[in-house]
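The values are calculated or read from the model by the stated rules, or taken from the named source; none is laboratory data. Values in this document were obtained by computation on a predicted structure and should not be read as measured data. Glycine also receives a Cβ, built like all others from the backbone with ideal geometry; neighbour counts cover every protein chain displayed.
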Amino acid sequence: MGIFDRKPNIDKLEQKRDYNTIANALQHSDMEVRADASRALSKVVAPEAVPILITLLKNEDWHVRTLTVGALGNIVHTAWKAGRIAHIDKEALPALAGALNDEDQNVRSNASVALGMIGASAVPVLAETLKAPNRETRALAAMALRRIGSEAKLAIPELIEALKDENKKVRDMAVMTLREIGINAVPTLAEALRDENEDKHELAFWALREIGPDAKVAIPALIQTLKDTDGKVRELVAKALREIGPEAKIAVPALIEMLKDEDRRAREVSAWTLGDIGPAAKEAVPALSEILRDENRDVCYWAAMALAKISPYGLTPLSEALQDKSNVVREMSAMALGTMGPAARDAVAALTARLEDENQEVRDIAAMALQEIWRPEV
């Protein structure tokens, strides 16, 4: 039975507040004793037990080490809630971070959970662990930071660097953590969009996209990045603005300029983004009306859809485009008017005229659009 002459009574030890002995009971041969000891340590601030627990992290039994990281995490977490973290964290946190390198997967996983449960006080040691040579250790540190969520903001620089980690799991966890951090991560993410590392700027975009409207503080930086010479970067920035939505209206002039881009994808994404900004993008209507006649069918489609979303300002240009000589322009305009539903009733006469169009596709789409316009509102 090792250090115990007989089976210890954890309840009595708990009443006596003998947490040193309880901590040692984690290595008892009886599994029930181990479980009771772990339970007892999960609800108290017991700084006196920390040195013993740190020693137990080197126990040869993986089950003992697993219970120990859980107990140590609980003690630190309880101490933090009680405002007594300063007495414990200098020893406990590095020890738990070291357990992320344990040879046993259960110990490593439980250490990550424990550090994540501890919260903000674990952030500095986890940020440093993101630089560890072992990729699984880095991934577990990123997972712990994700559990901490918005309080992990002090790790933003390290998380941004992790976006170009060689390990996909680390990169994905970094994105999810930055999303959880939210608005505080936005300025740094906006700057990362310009990084020469492709993984880094693409994942920065995905994080901004997930943050959504709260990313509006990055709009000035995003507008500047729209001037980047790399077409792919410009496309990512426009998509990020799209996720922000109407709050991105100050980017409208820059997006209008982007409609003139030689890159077909840039024109397409710009139109798409202007549509998602909605009526606040009304100054873009003339430019969108012009690229509605773009030689590329996809650009034409997104210009038409954008005009429909910038209601009611896009209604007249779409109605007039039903008389364009291009079959594609007439088709896309009719389709876009149909998506507007009852809001497009002023275009009924123009659409009805297209039921006699020389092009079958235009006739069919005009008929469907009229059905949508007259569909009873629920």
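If you go through region 349-376 and keep only what is surrounded by fewer than 19 Cβ atoms within 10 Å (Cβ to Cβ), in a helix (DSSP H, G or I) and either among the basic types (Lys, Arg) or touching a residue at least 40 places away in the same chain (Cβ under 8 Å) (or both), you end up with just Arg363.
Residues of region 332-364 that are β-branched (Val, Ile, Thr) and within 20 Å of Asp298 (Cβ to Cβ): Thr339, Val362. Is one or more of the residues making up region 333-342 over 12 Å from Ala271 (Cβ atoms), modelled with pLDDT under 95 and among the polar types (S, T, N, Q)? No. Elements of the type helices (runs of 4 or more DSSP H) sitting completely within region 20-109 and holding at least 3 residues that are modelled with pLDDT of 75 or more and assigned by TED's automatic domain parsing to the domain that holds Asn134: these cover 50-56, 62-81, 89-99.
The residues of region 309-329 that are assigned to a helix (DSSP H, G or I) and buried (at least 23 other Cβ atoms within 10 Å of the Cβ), listed by number, are Leu318, Ala321. Scanning region 277-288 for any residue that is among the charged types (D, E, K, R), under 29 Å from Glu191 (Cα atoms) and crowded, with 20+ Cβ neighbours inside 10 Å turns up nothing. On the given criteria, is Ile291 in contact with a Lys or Arg (Cβ under 8 Å, 6 or more places away or on another chain) and farther than 19 Å from Lys249 by Cα? Spelling it out, Ile291 is indeed in contact with a Lys or Arg (Cβ under 8 Å, 6 or more places away or on another chain) and farther than 19 Å from Lys249 by Cα. In the set Ala204, Ala185, Ala114, only one residue is in contact (Cβ under 8 Å) with a residue 40 or more places away in the chain and more than 22 Å from Pro94 (Cβ to Cβ); that residue is Ala204. Flag: Leu154 matches the condition of being at pLDDT 85 or above and not in a loop (DSSP other than H, G, I, E, B). Considering the conditions (1) assigned by TED's automatic domain parsing to the domain that holds Ile365; (2) not in a helix (DSSP H, G or I), Asp294 is excluded by exactly one of them, (1).
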